[in-house]
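Just below is one structure, and these are the notes that go with it.
The values are calculated or read from the model by the stated rules, or taken from the named source; none is laboratory data. Predicted, not measured: the structure shown is a model, and the values here were computed from it. Neighbour counts are summed over all protein chains in view; Cβ atoms, including those assigned to glycine, are modelled from backbone coordinates with ideal geometry.
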Amino acid sequence: MRYNTPMPKRKKKYALRDRAKTAAVKLYRASVADDIKATDGGGMFAHVPALLEKANKLPDRPGVYYMRAAVRKNGDKRGDIIYVGKAKNLKNRVTSYFRAVYSHNVKTFKLVSNIRDFDFYVTSTELDALVLEAQQIKLHNPKYNILLKDDKGFNYIRVSDGGYPKITYEHQTDKAGEYIGPYAGGFSVKQLVEEVNTVFKLPLCRKIFPKDIGRERPCLNYNIGKCMGVCTGKFPEADYAAIIAQAREYIKNGAKDGITRLETEMFAAAERLDFEKAAILRDRLNAIKRVRERQNVLSGKTTDYDVIASAQSVKLAAIAVVKYRGGRVADKQTVFLGDEYNHTDMVADFLSAFYVTATSGLVTGVPREIYIDCELDDKGVYEEFLHCKIITPKRGELLTQVTLAKANASEYLALRTGKTAKAINTLESLTKTLGLPKTPEYIECYDISNLGDTNIVAGMCVWKDGRPFKAGYRKFKIKSTATADDYASMREVITRRLSYLVESSPSDTDNYFYIKPDLIFVDGGHGQLSVAMSAAKFVGVTDIPMFGLVKDNKHRTRGVAVADGGEILLSTVKDVFAFLTDIQDETHRYAITFQKSRRKADTLKLALTDISGIGEKKATALLTKYKTKAAILAATAEEIANTIRVGVDTAREVQACLE
C-alpha cells in the first residue's frame, strides 16, 4: 500500500523518523534474542540469574561498580576487573546488565558473557562517582573500558650539548642535552621547534660545529636568509650561546615577552648607533610576527578551548581532539577506540578518561570550554568534574570547527580501516537516519525486472563498507510465477536468498551467499517491503533490518519505506540520499541487464528451433555451451555437431542461419 499523504511538516518528518528507529531497534532486539538463544543453549549465561539476584540487593544510591571475570590464574577468587562504571543508582544500573541479556548490543553482550562477579563502592554524589570511576579506570586498565591505548606519551624540546647546540623535537629523553617539557601533544611541540629555528635562524643541517666550520660552502638556507651561517665562521661560541639563551627564553615564556624584550634591545642598539645589531633584531621581530600571523587562523575566540568530535566505522571509532589556545590551533590528537559503542556513551567515557592522568588520577589540562558533537545526558556532572563548560554548538564558527574536527577523525579512521572518509561519514549518517542498531558492513538491495509475462528475473547487488561488492552480486530466475507479479517474485527471491543463512555451516562462509547482511533494501514501497519481511519471517531470519526504496512519479528515489507504514524522506540528508540513489540505480541496472540478456538468449533459441533437426533441447544445449551467437559462429562445424549430436551438414546450416 502506498503511503499517500502530502509533504509532511517538520514535526511529522521527525515523528516518522522516530517511528522508523523504534521499529528497527525492536526488530533487531527480537532477532538477536532468537539467534543467541538458538546457539547458547543456556550455557553461556548460566551465571546470570545469580548475579541478577545479587544486583537486586544493591542500594538505590550513586556509586562505582567493578565487573570481574573468571578466577585469576594466581588463585584470586575475585577474578580480574574487566569493566568499571559509574551509576546514579547502583541497583538500577547493575541489574540492567543481567536483564534482557539477549537484547544487548554486541559490546555489552560480550561483557556480560564474561562477568562472573561484581563489586561496588557507594559514593555521596554522582560527581564523586564520576571522579572515582576515572581514577579506577586509569588504575586497573579494564578490558572493556576506553583506555586511550593510542596515547604515545609525552613530547620534549631538546637543546643539544656542545659549543653550538641545536634545538630539536624529541619523543624520548635518552640523548645528551637539556630537555624542556614534557608536553602532552606532539603537534604543538613540532610547531614550536619549527618556529624557534625560523625566528632565530638556527642551523638545521647535519654539520657538527665547530668541527665543520669553513670546510664547505654555505648551504641554500644561508643563501636565502633562513640560516645565520655558523659554517662561515662569523659567529663565535659566546655570540651563538647568547642567541640560544634567547631561544630558550622564547620557548619557556612565549612570543609576547620575547617581542617586548627584542623591541627594547633593538631601540637600545639604535640609540648606540649599533645599526647592524638593530637590523638583526628588527629582522627577528618581523620573523616572529610573520610566524604568528601564519598560525593565528581558524578562530576569533581568544579563550582556550578544545573541540572534540568522533567518526565511527563498523568495528572501530576515532575521536579527534583539536586544542585552541590563544585563538589558534595549538595541538591535535586522534584516539582510536575498538568495538561497537553508543556514540553519546563513547564521548562521555572519553571525556572522563582523556583529561585524567594515568599516574596520579588527577584531572589536568582542561580548558575553560569544550565543544563536542553530541548532547550528553549528564552534562552538568561532567562540567563539575572537569571544571569547564561543555557545549554542543548548533551554528556559526564553532559548529564549523566541530565539523572540521569530525572530518579529521574521519580521515584518520579512513587511513586505519582502508575506507574513504566519505564512505565512513555516509554509513554513519545512514545508521542515524534509519535508527539502525549498528553501522552496516554488508548491505543488499533487490529489484525485479520483466518484460510482460516473459523473462521474469531479479538482481541482488551488495555494498561492503559503503562500496559496491561485485563478488557478492547475484542473479535470480523467477520460478514460482509465470505472470508479472512483483510481490510474488520478491517473496521468492528473499526466501531463496535467506534460506542459505539457515542452512549454512561455518565452512560455507567462503561463499558470500552464506554471510548474513546487516541491512536489506528492496526496490519498491510498502507492498514489496511487506512481502520481503513476511518471507524473512517464514524462513526464520528476523534479525536483519529491512526497508523499501520508494521512487517518485519520475522514477527517482524519494524516500525510505519503513515497517510500520511510514516513510523517511531523504531531502534533508543529502549524503544518504545520494548513497541510496546510487544503490537503487545500480540494482536496477543490474536486474534489467540480466533481463535483456535473457531476452536475447530466448530470441536466439527461437531462431535455432526453426532449423530442421534442431529442437528446444538441442538449442538449449548449444546455448548452454556457447552462450552467444558470436561463439557459435567461431566454433567449427565438427564441434557444434559433437555438442548437439547432429550431422556436420546440419551444424553448417546452424551457422549459416545465424550469419
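Every test in (1) modelled with pLDDT of 75 or more; (2) within 30 Å of Glu375 (Cα to Cα) is passed by Arg272 save one, and that test is (2). Among the residues that make up the stretch 441-451, is at least one of them on the phi > 0 side of the Ramachandran plot and part of a strand (DSSP E or B)? So far as the stretch 441-451 goes, no, none of its residues is on the phi > 0 side of the Ramachandran plot and part of a strand (DSSP E or B). Please enumerate the residues belonging to the stretch 555-570 that are assigned to a loop (DSSP other than H, G, I, E, B) and closer than 17 Å to Glu586 by Cα. The answer is His555, Arg556. Before we move on, is Arg99 within 32 Å of the chain's Cα centre (by Cα), surrounded by fewer than 13 Cβ atoms within 10 Å (Cβ to Cβ) and modelled with pLDDT of 75 or more? Yes: the conditions hold for Arg99.
Take Phe209 and tell me if it is more than 28 Å from the chain's Cα centre (by Cα), modelled with pLDDT of 80 or more and in a strand (DSSP E or B). Taking the combined requirement at face value, the residue does not satisfy it.
Yes or no: Val522 assigned to a loop (DSSP other than H, G, I, E, B), in contact (Cβ under 8 Å) with a residue 40 or more places away in the chain, under 29 Å from the mean Cα position of the chain (by Cα) and crowded, with 17+ Cβ neighbours inside 10 Å? Steps first, answer last, please.
Working: assigned to a loop (DSSP other than H, G, I, E, B): no; in contact (Cβ under 8 Å) with a residue 40 or more places away in the chain: yes; under 29 Å from the mean Cα position of the chain (by Cα): yes; crowded, with 17+ Cβ neighbours inside 10 Å: yes.
Taking the combined requirement at face value, the residue does not satisfy it.
The lone criterion from (1) among the hydrophobic types (A, V, I, L, M, F, W, C); (2) in contact with a strand residue (DSSP E or B) (Cβ under 9 Å, 6 or more places away or on another chain); (3) at pLDDT 75 or above; (4) not in a loop (DSSP other than H, G, I, E, B) left unmet by Cys374 is number (4). Filtering the stretch 380-409 to residues that are surrounded by fewer than 14 Cβ atoms within 10 Å (Cβ to Cβ) and under 28 Å from Leu362 (Cβ atoms) leaves Gly380, His387, Lys389. Just for the stretch 167-192: of the residues that are under 24 Å from Ile213 (Cα atoms) and in contact with a strand residue (DSSP E or B) (Cβ under 8 Å, 6 or more places away or on another chain), which one is modelled with the lowest pLDDT? If we take residues in the stretch 167-192 being under 24 Å from Ile213 (Cα atoms) and in contact with a strand residue (DSSP E or B) (Cβ under 8 Å, 6 or more places away or on another chain), then Lys175 is modelled with the lowest pLDDT. Residues in the stretch 395-439 that are modelled with pLDDT of 90 or more and assigned to a loop (DSSP other than H, G, I, E, B): 0 in all. Within the stretch 371-387, residues that are within 18 Å of Lys432 (Cα to Cα) sit with their Cβ atoms under 6 Å from residues that are modelled with pLDDT under 90 and among the polar types (S, T, N, Q), at 6+ positions apart or across chains, in these pairs: Cys374/Thr344. Note on the stretch 130-149: residues that are modelled with pLDDT under 80, among the β-branched types (Val, Ile, Thr) and under 25 Å from the mean Cα position of the chain (by Cα) amount to 1. Note on the stretch 385-421: residues that are among the basic types (Lys, Arg) and in contact with a Gly (Cβ under 8 Å, 6 or more places away or on another chain) amount to 1. Of all the residues in the stretch 565-581, those that are surrounded by 14 or more Cβ atoms within 10 Å (Cβ to Cβ) and charged (D, E, K, R) number 2.
Suppose we filter Val457, Val502 for residues that are assigned to a helix (DSSP H, G or I), more than 23 Å from Ala578 (Cα to Cα) and among the hydrophobic types (A, V, I, L, M, F, W, C); which single one remains? Working first, answer last.
Details: Val457 fails: assigned to a helix (DSSP H, G or I).
Checking each option against the conditions leaves just Val502.
Among the residues of the stretch 463-491, the one identified as in a strand (DSSP E or B) and surrounded by 22 or more Cβ atoms within 10 Å (Cβ to Cβ) is Trp463.
Which residues, counting only those in the stretch 622-655, are of a type outside the set (D, E, K, R), surrounded by 13 or more Cβ atoms within 10 Å (Cβ to Cβ) and not in a helix (DSSP H, G or I)? If the condition is that a residue be of a type outside the set (D, E, K, R), surrounded by 13 or more Cβ atoms within 10 Å (Cβ to Cβ) and not in a helix (DSSP H, G or I), then Thr628, Ala635, Val646 are the ones that fit. Of the residues that make up the stretch 103-121, is at least one in a helix (DSSP H, G or I), at pLDDT 85 or above, under 30 Å from the mean Cα position of the chain (by Cα) and aliphatic (A, V, I, L, M)? Yes, the stretch 103-121 contains a residue that is in a helix (DSSP H, G or I), at pLDDT 85 or above, under 30 Å from the mean Cα position of the chain (by Cα) and aliphatic (A, V, I, L, M). Scan the stretch 258-287 for residues that are touching a residue at least 40 places away in the same chain (Cβ under 8 Å) and over 16 Å from Ala242 (Cβ atoms) and the total you get is 1.
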